[in-house]
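To start, the structure under review is shown below, and the notes come after it.
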Amino acid sequence: MESKISIITPSYNSSSFIEDCIQSVLNQNYSNFEHIIIDGGSTDGTIDILKKYSHLIWISEPDNGISAAFNKGIKKSNGDIIAILNSDDVYASELVFAQVNNILSKDSIVDVIYGDIAIIDSHGDTLFTKKEIGFSFYEGIFLGFGHLINHPATFCKRQVYMDVGDFDEKLKYSMDEEYWFRVIQKGYFIKHIPVILAKFSWHMNSTTYCAKLGNNFEHEKNLIIFYKSLSISKYLPYRFSFIIKNIILLFRITKKLIGGCYSFQYLRKVI
């Protein structure tokens, strides 16, 4: 049985790459899906591209940023499974939806799944792959959930979004990280699958590339909030928490090395 899958894509002046995003959804070997595009009032030809595809559900109007677009799209959706795919990202193969449905429709324990991603440049060429492993709550607290979960390769059961609520529209870059913290606090189970599900764009015009400084600032603020949720914060001030963080980071790197998660190209990027 095919559960309905809703894909939410925020966009703004995305004419250079949004068609590849649309095609990667449309080419899935899966019939029960909807693709909702929340455009922030593009003026570069994006709307002309959207008009070419009758299956799309889309609106174009000024909004309050990416978090607001996420929230609008989720409210418009009616799928059993929901995913967010940025306008310059694509799915890795035509089998992604079928793979996701096979897990989430059959396993009542799993609420969210996330896979691995390939990092691509503006020409679609793979720079390196980012492979992950499962993580503990404390790894998320100290390292940041956004660094552990590959957002474009993540799919959630609808109930998760309905229960956890909106993305925080005050956050412009690390809204997904804060969201996963709330998801886990609610007791939902997140599972990693060792399959490349999406290709994540890294280029001069990508939101992630342009917003690196602001993202680092928000990320640090999130880590402080996460840390203060722990009872240990009453006895060990946050400024000393780097000791625990480094121990957890070393432990995780060791696990990933043993699991063969690091390619030579990836190590060159992060070292």
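The values are calculated or read from the model by the stated rules, or taken from the named source; none is laboratory data. The model shown is predicted, which means the values in this text are computed figures rather than measured ones. Virtual Cβ from ideal backbone geometry, glycine too; neighbours counted across all protein chains shown.
If you filter the stretch 226-245 down to residues that are under 23 Å from Met175 (Cα atoms) and touching a residue at least 24 places away in the same chain (Cβ under 8 Å), you find that the one that is nearest to the chain's Cα centre (by Cα) is Phe226. Can you say whether Lys131 is closer than 25 Å to Asn29 by Cα, of a type in the set (Lys, Arg) and more than 18 Å from the chain's Cα centre (by Cα), as far as the supplied structure shows? No. When you check Ala92 against the structure, is it over 12 Å from the mean Cα position of the chain (by Cα) and over 30 Å from Ile244 (Cβ atoms), yes or no? In short, yes. Scanning the stretch 85-109 for residues being touching a Leu at 6+ places or on another chain (Cβ under 8 Å), within 15 Å of Ile5 (Cβ to Cβ) and not hydroxyl-bearing (Ser, Thr, Tyr) gives a total of 3. Exactly one residue out of Asn215, Asn205 is at pLDDT below 80, within 21 Å of Ser87 (Cα to Cα) and part of a helix (DSSP H, G or I): that is Asn215.
A single member of Ile49, Ile37 is buried (at least 17 other Cβ atoms within 10 Å of the Cβ), β-branched (Val, Ile, Thr) and not in a helix (DSSP H, G or I), and it is Ile37. Residue pairs whose Cβ atoms lie under 9 Å apart, separated by 6 or more positions or on different chains, with the first residue in the stretch 29-49 and within 13 Å of Ser3 (Cα to Cα) and the second surrounded by 13 or more Cβ atoms within 10 Å (Cβ to Cβ) and of a type in the set (Phe, Trp, Tyr), are Tyr30/Phe97; Asn32/Phe97; Phe33/Phe97.
For Glu132, the stated conditions do not hold, so it cannot be described as of a type in the set (D, E, K, R) and closer than 25 Å to Asp63 by Cα.
Residues that are in contact with a helix residue (DSSP H, G or I) (Cβ under 6 Å, 6 or more places away or on another chain) and either of a type in the set (Ser, Thr, Tyr) or closer than 22 Å to Lys199 by Cβ (or both) were ranked within the stretch 149-172; the one that is surrounded by the most Cβ atoms within 10 Å (Cβ to Cβ) is Phe155. The residue of the stretch 72-124 that is surrounded by the most Cβ atoms within 10 Å (Cβ to Cβ), among those that are more than 16 Å from Phe17 (Cβ to Cβ) and hydroxyl-bearing (Ser, Thr, Tyr), is Tyr114. Checking each residue in the stretch 59-71 for being surrounded by 19 or more Cβ atoms within 10 Å (Cβ to Cβ) and among the hydrophobic types (A, V, I, L, M, F, W, C) picks out Ile66, Ala69, Phe70. Filtered by the rule that a residue be closer than 21 Å to Pro152 by Cα, outside any strand (DSSP E or B) and aliphatic (A, V, I, L, M), the stretch 1-34 gives Ile18, Ile22, Val25, Leu26.
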